[in-house]
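The structure under discussion appears below in the form of structure tokens.
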Amino acid sequence: MLDPFEILKTLHALSAVDEYRAIEVELLAKIIGVTPREIDDALKVLRGMDYVILNGPKVYLTELGIMKISSLFC
């Protein structure tokens, strides 16, 4: 299973931090090198933790998600 924090790190690296900079889930899957299904499963976990928002086919970090990923680098 894909580590959900890989998604957080990738979204952060791509600056997907609001609806205007959101990234398509399919593109995210290609960048990480997994299937869209694996991304969907991990996104369910991250949505449950309020770390990401899905807006149609796109996803971006919430403020809480930004704080979480930033805390991993400290």
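The values are calculated or read from the model by the stated rules, or taken from the named source; none is laboratory data. For clarity, every value in this text was computed on a predicted model and none was experimentally measured. Don't worry about glycine lacking a Cβ; one is built from the backbone with ideal geometry, like all the others, and counts go over all protein chains shown.
Which residues, counting only those in the stretch 11-32, are crowded, with 16+ Cβ neighbours inside 10 Å and either assigned to a strand (DSSP E or B) or not hydrophobic (A, V, I, L, M, F, W, C) (or both)?
His12, Ile23, listed by residue number.
Find all pairs meeting these conditions: Cβ atoms under 8 angstrom apart; at least six residues apart or on different chains; first residue within the stretch 29-45 and within 14 Å of Val59 (Cα to Cα) and among the acidic types (Asp, Glu); second residue crowded, with 16+ Cβ neighbours inside 10 Å and modelled with pLDDT of 95 or more.
Taking only residues 6 or more apart or on different chains, the pairs are Asp40/Val25.
Within the stretch 33-62, which residues are farther than 18 Å from Leu72 by Cβ and assigned to a loop (DSSP other than H, G, I, E, B)?
Gly33, Val34, Thr35, Gly56, Pro57
Whether any residue in the stretch 44-55 is touching a strand residue (DSSP E or B) at 6+ places or on another chain (Cβ under 9 Å) and either modelled with pLDDT under 95 or among the aromatic types (Phe, Trp, Tyr) (or both) is what I want to check. First the steps, then the outcome.
Step one: filter the stretch 44-55 for residues touching a strand residue (DSSP E or B) at 6+ places or on another chain (Cβ under 9 Å), giving 46-47, 51-54.
From the residues that got through so far, the ones that are either modelled with pLDDT under 95 or among the aromatic types (Phe, Trp, Tyr) (or both) too are 51.
Yes, the stretch 44-55 contains a residue that is touching a strand residue (DSSP E or B) at 6+ places or on another chain (Cβ under 9 Å) and either modelled with pLDDT under 95 or among the aromatic types (Phe, Trp, Tyr) (or both).
Looking only at the stretch 33-52, filter to residues that are buried (at least 18 other Cβ atoms within 10 Å of the Cβ) and of a type in the set (Val, Ile, Thr); which one of those is farthest from the chain's Cα centre (by Cα)?
Of the residues in the stretch 33-52, the ones buried (at least 18 other Cβ atoms within 10 Å of the Cβ) are 39, 42-43, 46, 51-52.
Among the residues that remain, those that are also of a type in the set (Val, Ile, Thr) are: 39, 52.
Details: Ile39: 9, Val52: 6 Å.
It comes out as Ile39.
Check the stretch 46-57 and report whether any residue there is in contact with a Phe, Trp or Tyr (Cβ under 8 Å, 6 or more places away or on another chain) and touching a residue at least 24 places away in the same chain (Cβ under 8 Å).
Restricting attention to the stretch 46-57, the residues satisfying the condition of being in contact with a Phe, Trp or Tyr (Cβ under 8 Å, 6 or more places away or on another chain) are 52-53.
Next, from what is left, pick out any that are touching a residue at least 24 places away in the same chain (Cβ under 8 Å): 52-53.
Yes - at least one qualifying residue is present in the stretch 46-57.
Exactly one condition in (1) in a helix (DSSP H, G or I); (2) of a type in the set (D, E, K, R); (3) modelled with pLDDT of 95 or more is not met by Glu6; state its number.
Every listed condition holds for Glu6 apart from (3).
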